[in-house]
Amino acid sequence: MCGIVGLFLKNEALRPELGSMLTDMLITMTDRGPDSAGIAIYGDAQDGLKMTIQSDTPKVAFAGLEVALAEVLGAPVTVKVLDTHAVLSLPDGTEAAARAFLTARGLRIMGTGHSMEIFKEVGLPKDVAARFGIRDMGGSHGIGHTRMATESAVTTLGAHPFSTGDDQCLVHNGSLSNHNQMRRVLSAKGFVPQTQNDTEVAACYISSRLAEGANLGQALDGTLQDLDGFFTFVVGTKNGFGVVRDPVACKPAVMAETADYVAFGSEYRAFAKLPGIDDARIWEPEPATVYFWER
Amino acid sequence: MQTIDMATTPLRELNAMLQAQAAKTNQTAWAIENPRGAHAVAVGLDAPIEVTVKGSTGYYCAGMNKQATVHVTGSAGPGVAENMMSGTVIIEGDASQYAGATGHGGLLVIKGNASSRCGISMKGINIVVYGNVGHMSAFMAQSGNLVVLGDAGDALGDSLYEAGLFVRGSVKSLGSDCIEKEMRPEHIAILTDLLARSGADAKPEEFKRYGSARKLYNFHVDHAGAY
């Protein structure tokens, strides 16, 4: 099954509530997939690069990291540890060196960008959200996922969202049937999936199309031609939020829009606590139809 | 009027109360508050009671209904009135996919749009949709009637048996073995009755009728070599 939620705020005043709203939405979707959960959240854009990293042994792995990384890069960095994850702030232009250093140290890179932070772990949404303190996070938009695994193992790296480009992330309900073929095609283009998961291939696909100059709508539209299988995708970019369902559309989806926000849920239950939901425009996204919002 | 608040009453307790109503109960009017998209609200009812669900429901609302009238003031999730046997289910808003699936009897009225696979494998239920229906509606529908005041999506009536399909708007495409058919007086009579019972503002003459070409589910001697 899997459960997806997404929230794109139109009203700036709600920004401090984003983490709390997304957390409540995701918890209602727990019984659609209790294996693992994750949230990507777009906070204030900052100068320099944000990089979210993960370790199964954070106490050891993150100890002394700030000093060691600053020494290697020859520039000051900050490391904000949140449970098994840490969000690094790096000067622009140091990404390649930082990646090499962090990977050699056995750390996993979950995502990079100027505003996106990404947190995912094995466990129930309520526990995962609590471990990272998602409720206290503000931002402009975010997407969340609770997973019932089908195509790859229940691991941190198999959890959604998948990020394969700066400030880009994707969550998926469904399963892809041509992901091995697409993995080869995308790898040849330089977009190499890091896991055996089908969804990561879809994330790489979107990243490759955006890199080729497509806008978010065009990239999402491309999934209808190039990806085979069942899917409802929700995608986040630095300033955008998009949704697309495959033509058969058996994976559920519902959307709500008010003057304050656009919301996505696998089920209406996810919206029940949102402010003004009783007066929201609520609809089911049409099959094979792209919806996206950008600011 | 019995009022049950789902914010404080567990779903199973609610359904057990409703299912316990006898044929001659004097508690005939029920209101359910704060459904908040819950699954399986008011399922398996078997008494002539009237249940108003104030809000929107999740999966399988009013499934397996017998005798009861279930009225949802919001929208309904997937599988509303699935396998209904008799009674009436009214949705003021939209219905998600496979509304009225496999229904044997009764009347399902959707005042908004219905999504894909509306009336899939229907077996005698009557379904009236004020708005549009999505793709693959009335797939393998066996009997009963699907009335659509708006438009129908792709592959309407694919692999159809003997259900009657009536569409006022456009049909994006017909499914395999589904064809447009002549509207005869007996069909006008069926439509007149269903439109009146569902409170729909439409004239029977505005509809086109679709039905089975009967080439797929009947043995055809020309196909003997295929077996």
(message) Just to verify a result, which residue in region B:37-58, among those that are in contact with a Lys or Arg (Cβ under 7 Å, 6 or more places away or on another chain) and more than 12 Å from chain A (Cβ to nearest Cβ), is surrounded by the most Cβ atoms within 10 Å (Cβ to Cβ)?
(response) B:Leu45
(message) Let me spell it out: the conditions are (1) assigned by TED's automatic domain parsing to the domain that holds A:Ala37; (2) buried (at least 23 other Cβ atoms within 10 Å of the Cβ), and A:Met110 meets all of them except one. Which number is the exception?
(response) (1)
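Going through B:Asp154, B:Asp193, B:Asp201 one at a time, which residue ends up being of a type in the set (Asp, Glu), touching a residue at least 12 places away in the same chain (Cβ under 8 Å) and surrounded by fewer than 23 Cβ atoms within 10 Å (Cβ to Cβ)? First the steps, then the outcome.
Working: B:Asp193 fails: touching a residue at least 12 places away in the same chain (Cβ under 8 Å); B:Asp201 fails: touching a residue at least 12 places away in the same chain (Cβ under 8 Å).
So the residue among B:Asp154, B:Asp193, B:Asp201 that is of a type in the set (Asp, Glu), touching a residue at least 12 places away in the same chain (Cβ under 8 Å) and surrounded by fewer than 23 Cβ atoms within 10 Å (Cβ to Cβ) is B:Asp154.
Rundown of residues vs (1) within 19 Å of B:Ile125 (Cα to Cα); (2) in contact (Cβ under 8 Å) with a residue 24 or more places away in the chain, yes/no style:
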{"residue": "B:Gly164", "(1), (2)": "yes, yes"}
{"residue": "B:Val167", "(1), (2)": "yes, yes"}
{"residue": "B:Lys172", "(1), (2)": "no, yes"}
{"residue": "B:Asp177", "(1), (2)": "no, yes"}
{"residue": "B:Glu182", "(1), (2)": "no, yes"}
{"residue": "B:His187", "(1), (2)": "yes, no"}
{"residue": "B:Tyr210", "(1), (2)": "yes, yes"}
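Please work out which residue is surrounded by the most Cβ atoms within 10 Å (Cβ to Cβ), limiting yourself to region A:175-234 and to residues that are among the acidic types (Asp, Glu) and within 21 Å of A:Arg108 (Cα to Cα). Let's see the steps before the verdict.
As a first pass, look at region A:175-234 and keep what is among the acidic types (Asp, Glu): A:198, A:200, A:212, A:221, A:226, A:228.
Add one more test, that the residue is within 21 Å of A:Arg108 (Cα to Cα), and what stays is A:198, A:200.
Working: A:Asp198: 24, A:Glu200: 27.
The qualifying residue surrounded by the most Cβ atoms within 10 Å (Cβ to Cβ) is A:Glu200.
Sort out which residues of region B:157-190 are basic (Lys, Arg), surrounded by 15 or more Cβ atoms within 10 Å (Cβ to Cβ) and either within 20 Å of B:His135 (Cβ to Cβ) or under 19 Å from the mean Cα position of the chain (by Cα) (or both), and write them in order of number.
First pass over region B:157-190, keeping only residues basic (Lys, Arg): B:168, B:172, B:181, B:184.
In the following step, the residues that additionally are surrounded by 15 or more Cβ atoms within 10 Å (Cβ to Cβ) were identified as B:168, B:181.
Of everything in region B:157-190, just one residue is basic (Lys, Arg), surrounded by 15 or more Cβ atoms within 10 Å (Cβ to Cβ) and either within 20 Å of B:His135 (Cβ to Cβ) or under 19 Å from the mean Cα position of the chain (by Cα) (or both), namely B:Arg168.
When you look at B:Ser176, is it within 23 Å of A:Val248 (Cα to Cα), away from chain A (no Cβ under 14 Å), in a loop (DSSP other than H, G, I, E, B) and modelled with pLDDT of 95 or more, yes or no?
So B:Ser176 fits the description; yes.
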(request) Report, by residue number, each residue of region B:59-77 that is within 14 Å of chain A (Cβ to nearest Cβ) and either under 20 Å from B:Arg197 (Cα atoms) or surrounded by fewer than 24 Cβ atoms within 10 Å (Cβ to Cβ) (or both). (result) B:Tyr59, B:Tyr60, B:Val72, B:Thr73, B:Gly74
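Just to confirm my filter: which strands (runs of 3 or more DSSP E) fall fully inside region A:99-147 and include at least 3 residues that are in contact with a strand residue (DSSP E or B) (Cβ under 7 Å, 6 or more places away or on another chain) and of a type in the set (A, V, I, L, M)? Working first, answer last.
Details: elements: A:108-113, A:116-122, A:141-147.
Fully inside region A:99-147 and qualifying: A:116-122.
If a residue has to be within 13 Å of chain B (Cβ to nearest Cβ) and assigned to a strand (DSSP E or B) to count, how many in region A:231-272 make the cut?
First, pick out the residues of region A:231-272 that are within 13 Å of chain B (Cβ to nearest Cβ): A:232, A:245-256, A:263, A:265-272.
Subset that is assigned to a strand (DSSP E or B): A:232, A:245, A:254-256, A:263, A:265.
Final tally of qualifying residues: 7.
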(request) Quick one: count up the residues across region B:102-115 that are within 13 Å of chain A (Cβ to nearest Cβ) and either surrounded by fewer than 24 Cβ atoms within 10 Å (Cβ to Cβ) or in a loop (DSSP other than H, G, I, E, B) (or both). (result) 3
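Which of the residues that make up region A:276-290 are under 23 Å from A:Glu17 (Cβ atoms) and either within 14 Å of chain B (Cβ to nearest Cβ) or under 19 Å from the mean Cα position of the chain (by Cα) (or both)? Before the answer, list the steps.
At the first step, the residues of region A:276-290 found to be under 23 Å from A:Glu17 (Cβ atoms) are A:276-282.
A:Ile277, A:Asp278, A:Asp279, A:Ala280, A:Arg281, A:Ile282, listed by residue number.
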(request) Only one of these is part of a loop (DSSP other than H, G, I, E, B) and among the hydrophobic types (A, V, I, L, M, F, W, C): B:Ala189, B:Ala202, B:Ala224, B:Ala196. Name it. (result) B:Ala202
(request) Considering every residue within region A:79-98, establish whether at least one is farther than 26 Å from A:Phe292 by Cα, of a type in the set (A, V, I, L, M, F, W, C), modelled with pLDDT of 95 or more and in a loop (DSSP other than H, G, I, E, B). (result) no
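Looking at this structure, is B:Gly93 assigned to a loop (DSSP other than H, G, I, E, B) and surrounded by 23 or more Cβ atoms within 10 Å (Cβ to Cβ)?
Values: assigned to a loop (DSSP other than H, G, I, E, B): yes; surrounded by 23 or more Cβ atoms within 10 Å (Cβ to Cβ): no.
For B:Gly93, the condition - assigned to a loop (DSSP other than H, G, I, E, B) and surrounded by 23 or more Cβ atoms within 10 Å (Cβ to Cβ) - is not met.
Can you report the number of residues in region A:76-88 which are buried (at least 16 other Cβ atoms within 10 Å of the Cβ) and more than 18 Å from the chain's Cα centre (by Cα)?
3
From the list B:Ala62, B:Ala99, B:Ala42, pick out the single residue that is in contact with a strand residue (DSSP E or B) (Cβ under 7 Å, 6 or more places away or on another chain) and either more than 17 Å from B:Ile120 (Cβ to Cβ) or modelled with pLDDT under 95 (or both). Please lay out each step first, then the result.
On the way: B:Ala62 fails: either more than 17 Å from B:Ile120 (Cβ to Cβ) or modelled with pLDDT under 95 (or both); B:Ala99 fails: either more than 17 Å from B:Ile120 (Cβ to Cβ) or modelled with pLDDT under 95 (or both).
Checking each option against the conditions leaves just B:Ala42.
The values are calculated or read from the model by the stated rules, or taken from the named source; none is laboratory data. From a predicted model like this one, the values you see are computed outputs, not experimental measurements. Note: ideal-geometry Cβ built from the backbone for every residue, glycine included; neighbour counts use all protein chains shown.
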